[in-house]
Amino acid sequence: MKGFSRLLLLLVIISFVAACDSGPNIVDGAIDGSTREFTVSDVPSDQMPYILADTITPPSNPMVPEDLSSLPTFVGTLQMFQINGIDDLAGQYFCAITLYPPISSRAYSYSNLYLLDYGTENLVRFDHSMLQPCVVGDTIYVTGEPKVIAGGVALGVTMRFVQPN
């Protein structure tokens, strides 16, 4: 036990000596009294997209806007409709756009495209933040992923970008 006490005392003394070392002396931005000068120039605006797109952390720089060019954009008139085929939502109104022109498949022809929240994929109401500058009857452009909803009876789109006309 006496050896352990001596070892513990030795560790305390070494820790105290190390804590008392002040390290390099920093005075007015200089280390150890030497002067350092840094020159900073403005980044040209034409180079800014390359700097923002630079990969700093995998998978990419979080400051870069999301690339939506691979997603389709739908154009239509903003409307409010009831959705059929979902019993829990019967009698409730949700936002949709009447498409120009309708989307046709082998089984269905979709003239209305229901708007879905991107994060939750829930049907949206008119108080959604992306629809604030819009009113019913406006022609809007909606960029997002189309989704089959209500068991294939209706078609929705996850709103990634909404632009009023």
I want the local charge near residue 158. Using Cβ-Cβ distances under 10 Å, sum +1 for each Lys or Arg and -1 for each Asp or Glu among the other residues. -1
Residue 136 and residue 46 label points (each 7 Å along its Cα→Cβ direction) are spaced in nm at 5.1
Amide hydrogen neighbours beyond the local backbone of residue 148, cut-off 5 Å, H modeled: 156
Extent of the range 80-132 along each principal axis, from alpha carbon coordinates, in Å, largest to smallest? 33, 26, 20
Set the Förster distance to 41 Å, then compute FRET efficiency between residue 88 and residue 165 from the Cβ-Cβ distance, nearest 0.05. 0.80
By the C-alpha gyration tensor axes a ≥ b ≥ c (rounded if a/c is under 1.5, else prolate when a/b exceeds b/c, else oblate), the shape of the range 92-163 is prolate
For the range 126-140, Karplus couplings with θ = phi - 60° (6.51, -1.76, 1.60), whole Hz, Gly/Pro x: 6, 8, 5, 4, 6, 9, 4, x, 10, 10, 4, x, 6, 7, 10
Calculate, for residue 77 and residue 150, the FRET efficiency according to 1/(1 + (r/R0)^6) with r their C-beta to C-beta distance and R0 30 Å; round to the nearest 0.05. 0.90
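Any read-out appearing in this document is the output of simple, stated calculations on the displayed coordinates, not a laboratory observation. Predicted model only: the values in this text are computed from it and were never measured. Backbone-built Cβ (ideal geometry, glycine too); neighbour counts: all protein chains shown.
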